[in-house]
Each structure stands twice: as C-alpha cells, then as structure tokens.
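Read-outs throughout are calculated quantities, based only on the coordinates presented, and are distinct from any laboratory measurement. Computed from a predicted model, the values in this text were never measured in an experiment. Methodologically, a virtual Cβ is constructed for each residue, glycine included, from the backbone with ideal geometry; neighbour enumeration extends over all protein chains shown.
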Amino acid sequence: MTSEAIVNIGVLATMDDGEGPLGLRRDAAVVIEDGRVAWIGASADAPAADSSYDAAGAAMIPGFVDSHTHAVFGGDRSAEFDARMSGAPYTAGGIRSTVAATRGASTEELAARTRHLLDEALRQGTTTAEIKSGYGLDLDTERRLLEVAARFTEETTFLGAHVVAPEMADRRGDYVDLVAGDMLAAAAPLARWIDVFCEEGAFDVEETRRILAAGRDAGLGLRLHANQLTMSGAAALGVEMGAASIDHCTFLSDEDVDALAASDTVATFVPGAEFSTRQPYPRIERLRDAGATWALASDCNPGSSFTTSMPFCIALAVRDMGMTPSEAIRAATRGGAQALRRNDVGRVAVGARADLALLDAPDPVHLAYRPGVPLVDRVWRDGVATTSWEPRAS
Ligand SMILES: [Zn+2]
C-alpha cells in the first residue's frame with residue numbers, strides 16, 4: 001500500500017460533507033491510499049503518509065465527470081463550422097460526413113484520436129468520461145467504435161440509433177430492425193448503455209421506444225438524446241422508461257420538467273452544443289424550482305460541440321443558462337456521476353476514487369469567473385498524478 005497526503009488545500013469542494021452546495025472544507029487535507037480517498041480533514045491534523053504534496057492554499061474539486069461524449073470518430077468538420085458561423089443553417093446532415101470518415105479510418109487511427117481527446121480532457125480536469133458509438137451505423141464499425149471506447153472507459157454507450165445509415169435512408173424500418181437486432185447483439189457485450197437520438201431527422205418516439213426496450217432486454221442501461229431542437233415528447237418517454245439521463249433538454253415543457261423532478265432521471269445539459277450551433281440556451285429556473293437533478297456534459301463531437309472542456313461548459317451554464325457557479329460546478333462533477341449512476345466518482349469522500357483536480361485558483365468559483373483560462377493545475381486519477389488518460393485498473 002502506498003499513500004500520499006495532499007495538504008494545505010485552501011478550499012476543498014467535496015460535493016459531500018461540508019458547507020453549502022459544494023460541501024466546502026477549508027484548510028483541508030486529503031490522504032490517498034491505493035487509488036481511493038482514505039482520509040479527509042483539517043490540514044493540521046493530516047496523518048503521516050508515504051509522500052506529501054503541498055497545495056499551497058489552492059482550491060481542489062473532484063475530477064469532472066463528463067457523462068456525454070462522442071469521442072470516437074474520424075474526419076474534421078471545421079469547414080462546416082466555418083460555414084455555419086458565416087450564416088449557413090445547422091442541419092443534422094453533417095453527421096453523414098463523419099460517418100464516411102469514421103468508416104474509412106482504421107481502428108488504431110480512431111484509438112489514437114480518442115486518446116488525444118481524452119488526454120486533452122484530463123488536462124482540463126476530466127477524470128471520468130462516457131463515450132458513445134454512433135458514427136459507424138453498420139454492425140462492424142459500431143462494434144469497432146465500442147471496442148475503442150472500451151479501451152479507455154467503462155462508461156461505453158451504443159448509439160447505433162444516431163441517424164439512419166445513409167445507405168438505408170429509404171429503408172428506415174429495416175435500419176431500426178438492424179439496430180434493435182443484430183447490431184445490438186454485437187454491441188451489447190461491449191456497452192454499458194444504449195442511447196437514441198430522438199428528434200426530427202433522426203428517430204421518432206415509437207422507434208425510440210422500441211430500440212430502448214430492446215437495449216434494456218439486452219441488459220443495457222438507458223440514455224437519450226432528447227428535446228434538442230423540438231419539444232418532441234422524447235423526454236417524457238425517457239422518464240417513463242426509467243432512463244438514467246435525458247441529454248440536451250433544450251426545449252422542455254412544464255410537464256417534462258415535472259416528470260423529471262418526480263423521477264430519478266437526470267437532465268443533462270450540453271451548452272457547448274447551443275454555443276456551436278447558435279441555438280438558444282435552455283434555462284435552469286424551472287428545473288431548480290421543481291427540484292430536478294441536472295448534470296453538465298461536453299457532448300464532445302466533431303459537428304455540434306467540439307470541445308472537451310468542462311470549465312468552458314461551466315462558464316456557459318453560468319453566463320447563459322442561469323446556473324449559479326456552485327450549481328454548475330456541482331453539475332459537472334456530482335451531477336455527471338448521478339447521470340451515470342455512479343457513487344464512486346464526482347465527489348471527494350472516504351472510499352471514493354481519488355480523482356482530484358487542483359486549481360490554479362483560490363476558489364472553485366474561478367472556473368466560471370475566469371472563462372477560457374487553463375486553471376486546472378494538477379490532476380490525480382485513481383490516486384495517481386497524471387497528464388495522460390489510461391484505462392482504470394479496476
Ligand atoms: Zn450527443
């Protein structure tokens with residue numbers, strides 16, 4: 001057993017026991033043992049450990065839990081972004097260009113790209129990331145994408161129902177059969193979750209219900225892309241089916257908000273997508289008033305939100321969605337963990353994973369107060385200070 005004491009933490013945001021919504025503890029120390037948090041308390045009382053790190057009064061938070069990424073893909077869509085920012089409208093069709101590039105990339109090329117993105121995310125404080133398939137849209141490529149995702153994370157999601165495969169555009173019923181049948185059977189051993197993009201131009205509510213039910217029968221947990229562009233009824237379906245999370249939630253009816261608040265389904269917001277498509281941002285007030293639980297995620301993808309930065313998402317949520325800084329920081333850590341139904345990440349508590357981000361700042365509020373500034377100074381993942389993303393040992 002090896003142990004490390006991180007001492008002189010000016011403000012430790014535990015998302016657990018402590019003051020206020022962030023569970024703050026001041027002048028704190030954390031002792032790490034075998035990848036887990038073994039002790040939390042006043043720095044002056046820190047027990048002896050094999051090694052010690054002096055945080056010099058800086059703020060510390062749990063590593064971010066990014067519960068929604070599409071971090072396995074080929075190609076680049078900067079030209080499409082350029083055109084959109086120059087006046088062209090956003091459409092879902094761009095996904096197809098990524099599908100073509102992804103199918104044409106080797107598994108090792110895809111894995112190298114994913115590793116690069118995860119390293120980038122880690123340096124900005126992310127220590128847990130969900131990764132979806134969804135740019136293959138045929139059985140072999142979807143399986144390859146999940147194989148790549150599983151090299152890096154335990155939070156793998158089968159998103160064969162991202163859009164209808166282009167070569168089956170006039171046979172959508174056959175495509176739904178394939179996703180809910182053979183493709184799901186190939187994906188299920190590699191995936192923890194199933195997800196569907198329920199939206200005009202993608203899959204309707206009844207197709208979504210069928211695909212999610214098949215995934216549930218195959219032992220997968222449920223997630224949903226819903227209510228991004230329209231008030232579609234998808235969010236209500238997700239709550240009804242017991243989805244862990246409904247993601248986007250840009251347009252919610254009052255009934256959707258009430259249903260979310262009465263359930264243990266998390267509403268996950270991805271303001272990077274609103275930023276990158278110039279859509280209106282969702283507001284948080286109704287969810288707050290109703291007592292719903294929400295998370296923040298990057299939605300890292302090449303078309304509509306090509307960021308890995310959770311601090312950027314926090315800044316957007318505070319500036320444009322009406323979240324308080326504390327609400328946004330909690331949503332990016334504890335909220336993400338709840339969206340993944342995890343209790344071992346997203347908080348600093350004895351027994352939880354020692355996933356920690358030390359900030360070059362005296363208070364976590366700086367994450368929103370100083371947008372665009374690289375404030376994450378040092379990251380521990382499973383108790384090890386690191387700048388590169390490795391699969392978890394256990
Ligand atoms: Zn997405």
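Somewhere in region 72-92, is a residue touching a strand residue (DSSP E or B) at 6+ places or on another chain (Cβ under 9 Å) and crowded, with 22+ Cβ neighbours inside 10 Å? Yes: region 72-92 contains one or more residues that are touching a strand residue (DSSP E or B) at 6+ places or on another chain (Cβ under 9 Å) and crowded, with 22+ Cβ neighbours inside 10 Å. Filtered by the rule that a residue be free of Cβ contacts under 8 Å to residues at least 24 places away in the same chain and closer than 16 Å to Glu207 by Cβ, region 225-274 gives Ala236, Glu240. Checking the stated criteria, Glu167 turns out not to satisfy the condition of being part of a loop (DSSP other than H, G, I, E, B) and more than 25 Å from Arg334 (Cα to Cα).
If you go through region 242-270 and keep only what is in contact with a Ser or Thr (Cβ under 9 Å, 6 or more places away or on another chain) and hydrophobic (A, V, I, L, M, F, W, C), you end up with Ala243, Ala244, Ile246, Cys249, Phe251, Ala259, Leu260, Ala261, Val266, Ala267, Phe269, Val270. Scanning region 140-156 for residues that are touching a residue at least 60 places away in the same chain (Cβ under 8 Å), assigned to a helix (DSSP H, G or I) and within 16 Å of the ligand (Cβ to nearest atom) returns Leu145, Ala149. Going by the conditions given, is Asp247 of a type in the set (Asp, Glu) and more than 15 Å from the ligand (Cβ to nearest atom)? In short, no. Residues of region 8-33 that are assigned to a strand (DSSP E or B) and of a type in the set (Asp, Glu): Glu19, Asp27, Glu33. If I filter region 324-355 down to residues being hydrophobic (A, V, I, L, M, F, W, C) and in contact with a Gly (Cβ under 6 Å, 6 or more places away or on another chain), which single residue comes out as farthest from Ala297 (Cα to Cα)? Per the stated criteria, the residue is Ala354. Tallying residues that are within 19 Å of Asp355 (Cβ to Cβ) and either within 16 Å of the ligand (Cβ to nearest atom) or of a type outside the set (Lys, Arg) (or both) within region 310-344 yields 17. Can you name every residue in region 266-309 that is in contact with an Asp or Glu (Cβ under 6 Å, 6 or more places away or on another chain), within 15 Å of the ligand (Cβ to nearest atom) and outside any strand (DSSP E or B)? Val270, Gly272, Ala273, Ala297, Ser298, Thr308, listed by residue number.
Residues in region 122-140 that are in contact with a Ser or Thr (Cβ under 9 Å, 6 or more places away or on another chain) and surrounded by fewer than 24 Cβ atoms within 10 Å (Cβ to Cβ): Leu122, Arg123, Gln124.
Leu159 passes every criterion in (1) more than 16 Å from the ligand (Cβ to nearest atom); (2) assigned to a strand (DSSP E or B); (3) of a type outside the set (Lys, Arg) apart from (1). Listed residues Arg319, Arg347, Arg341; which is part of a loop (DSSP other than H, G, I, E, B), surrounded by fewer than 24 Cβ atoms within 10 Å (Cβ to Cβ) and among the basic types (Lys, Arg)? Of Arg319, Arg347, Arg341, the one residue that is part of a loop (DSSP other than H, G, I, E, B), surrounded by fewer than 24 Cβ atoms within 10 Å (Cβ to Cβ) and among the basic types (Lys, Arg) is Arg341. So Asp256 fits all but one of (1) crowded, with 19+ Cβ neighbours inside 10 Å; (2) of a type in the set (D, E, K, R); (3) outside any helix (DSSP H, G or I); (4) away from the ligand (no atom under 16 Å from the Cβ); what number is the exception? Answer for Asp256: the failing condition is (3).
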